[in-house]
Amino acid sequence: MVILSKSMKVLMLSTDKKIWHSKSAVRERMREYSALVEELHVFIFGKANNSNIIDGQLFLYPINSRNIWALFIFLFKSSGVIHRRQLSKSDTIVDSQDPFELGLMALLLKIFYGFKLQMQIHVDFFNPHFRNERRRFNLQYFLAKILLRHANKIRVVSKRVREYLVNQMGFDFKKIDYLPILFNVDYGFNKKI
């Protein structure tokens, strides 16, 4: 993972709508992440009737679009945040939840502002069964192969994906962090949602 510190600022691109629910496990996880850095700015893509939310060091921004306009809305909103919060390439990273459409938008921020880029892989999109399921998945596969080359770090949740990146695509093992998503069995039993 890109080394985080209390002086770091993170721009995260996500599609997880559960973050809008203040008592959800996703929001709690984002609060925990935000405690590790100076500021965590999360841009959430998809239809949602929400406005910007500030929750401590956690800043949430809706991108209320599911089409090409999302790119322009995101670039407009993120540019405003970058300038208002005075984010610089020396203390800011961009973290993309996937190496597909969100990865493309994250790469644009890397190109425009010089930020370090981390991409996350949550699915085994190298699997031919995944690629052949829908035409869109096949396009995402080819997009990811291009975009991942521009990432400073890649976070995977599966050893199989890490091995594919290293053995089949030639990535440096040190560039890839294996961080599985841990399931908290007690969460549903001990906390009210």
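The values are calculated or read from the model by the stated rules, or taken from the named source; none is laboratory data. Here the structure is a predicted model, which is why all the values come from computation and not from measurement. All Cβ positions, glycine included, derive from the backbone under ideal geometry; neighbour counts span all protein chains shown. SASA here: full protein model, heavy atoms, side chains in, ligands and nucleic acids out. Shrake-Rupley method; radii C 1.70, N 1.55, O 1.52, S 1.80 Å.
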Estimated distance in nm for a label pair at Asp124 and Arg160, the labels positioned 7 Å out from Cα along Cα-to-Cβ: 0.1 nm
Length-normalised contact order of the stretch 73-193, Cα under 8 Å, at least 6 apart, in percent, tallies to 20 percent
Beta bridges by DSSP in the chain, antiparallel share as percent, to the nearest 5: 10 percent
Where in the stretch 106-127 is the amide nitrogen less than 16 Å from a point lying 7 Å along the Cα-to-Cβ axis of Ser5? 116
A convex hull over the alpha carbons of the chain yields, per residue, a volume in Å³ of 133 Å³
Which percent of the accessible area of the chain is formed by carbon and sulfur heavy atoms (probe 1.4 angstrom)? 56 percent
Solvent-accessible area per residue for the stretch 1-64 (1.4 angstrom probe, square angstrom): 47 Å²
Tell me, what is the 1.4 Å probe accessible area of Glu133, in Å² to the nearest 10? 120 Å²
Apply the Karplus parameterisation 6.51 cos²θ - 1.76 cosθ + 1.60, with θ equal to phi minus 60°, to every residue of the stretch 48-54 and state each ³J(HN,Hα) to the nearest whole Hz, in sequence, with x for glycine and proline. 7, 8, 10, 10, 4, 10, 10
